[in-house]
Amino acid sequence: MVITSGKKRNDASGDRTGPPRPGESARDAARRLAAEDAARTAGAAPHAPDRESEVVPDDAVVSPDTPVPDAALQLRGLVKTYGGEPAVAGIDLTVPTGSFYGLVGPNGAGKTTTLSMISGLIRPDKGEVSVFGVDAVGRSREAKRLMGVLPDRMRTFDRLTGRQLLHYTGALRGLDAATARARADDLAASFDLGPAMGRAVSDYSTGMTKKILLACAMIHAPRLLVLDEPFESVDPVSAARLMGVLRGYVDGGGTVILSGHSMSLIETVCSRIAVLVTGQVLAEGTVDEVRGEMTLEQRFVDLSGAGAEGGALEWLHTSSS
Ligand code: ATP
């Protein structure tokens, strides 16, 4: 785990997951522990890679350029700059297969930009994205087949009914009509959208739209779900249902990476998290490792450097009438 409290790190390689062993560099230690994690979580799942899981010896040192075996997702030196300002400033992350991975950070930290580079919606300026070993930048079509994506901005064919949208998405993903229909019915039931399936998606509430788009992201049974703020605008009952569906997906061998702002939801659902601040990973590890002796919310505020400073709006307290 890395925790760099209160200050930005320019070194993307550092002490990511634990203390190095004697003679081992921090970077090698990070690689080794990530590889051990990946080896631990790989295996039994129906979504697991076709090739046999590799067993990583306890003392294996993985070279910085070697893909971690059985990682669902690996980011290496990922950079995206807008108008000279880095939105993502050199991110390294490994998401083990079968994990529920949370990406948290304050507004503008670079979460959406990172997830958009993973899902192929935008191209990185620099760096690598590997999805189950497939280079997602160079072989994006192949990588996209492995992923289901819930983007941040929910543009869709909303004149279609929920049932039509699911069916259409299934057809685009290569499903035959009978399979698409059967899966659409299953997903509608799982997300409690049954009664709304005959209505135009444009008439859905924000939370319902999120649910139908998540269902669309899942219809081709992807191995990795990339979800930008799936719980935003979703009521607690629907959030619990949605969480149940995602847990079932992970229990069945799927991998989820999601972003969000609700620390209580993130710590309930995620096995690992990364805290992103100004485009850099300031902490990464299991939820317990990252929060340490604090609550996750306190740790988040601490890392964000967002003190609750008052006084700037003193004029608000003076009546103008
Ligand atoms: P939030 O929690 O508010 O959704 P975020 O962590 O998802 O924020 P991003 O949307 O990734 O943050 O934005 C990171 C930075 O990149 C911000 O400063 C944002 O203004 C900038 N940015 C993102 N997209 C663009 C764009 N298309 N053009 C210019 N700047 C952009």
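The values are calculated or read from the model by the stated rules, or taken from the named source; none is laboratory data. Computed from a predicted structure; not experimentally measured. Cβ placement follows ideal geometry from the backbone for every residue including glycine, while neighbour counts extend to all protein chains displayed. All accessible areas refer to the heavy atoms of the entire protein, side chains included, with ligands and DNA or RNA removed. Shrake-Rupley method; radii C 1.70, N 1.55, O 1.52, S 1.80 Å.
A few remarks follow.
- Global geometry of the stretch 160-264, whether rounded, prolate or oblate, following the gyration tensor of its Cα atoms and the 1.5 cut on a/c: oblate
- Simple spin-label estimate for Ser262 and Val237 in nanometres, 7 Å along Cα-Cβ: 1.4
- Exceeding the 23 Å Cα-Cα cut-off - candidates Lys80/Lys211; Lys80/Lys210; Lys144/Lys210; Lys111/Lys211: Lys80/Lys211; Lys80/Lys210
- Volume per residue of the C-alpha convex hull in the stretch 76-221, rounded to whole Å³: 131
- Carbon + sulfur, % of accessible area of the stretch 71-304 - ligands and nucleic acids excluded, 1.4 Å: 50
- FRET efficiency, Ala171 to Asp135 (Cβ-Cβ, R0 22 Å, nearest 0.05): 0.20
- Under the criterion of Cα pairs below 8 Å and six or more residues apart, the relative contact order for the stretch 71-304 equals 27 percent.
- The simple spin-label model puts a point 7 Å past each Cα toward its Cβ; for Thr206 and Ser271 those points are separated by 3.2 nm.
- Estimated FRET transfer efficiency when R0 is 22 angstrom, pair Ala189-Arg145 (beta carbons, to 0.05): 0.30
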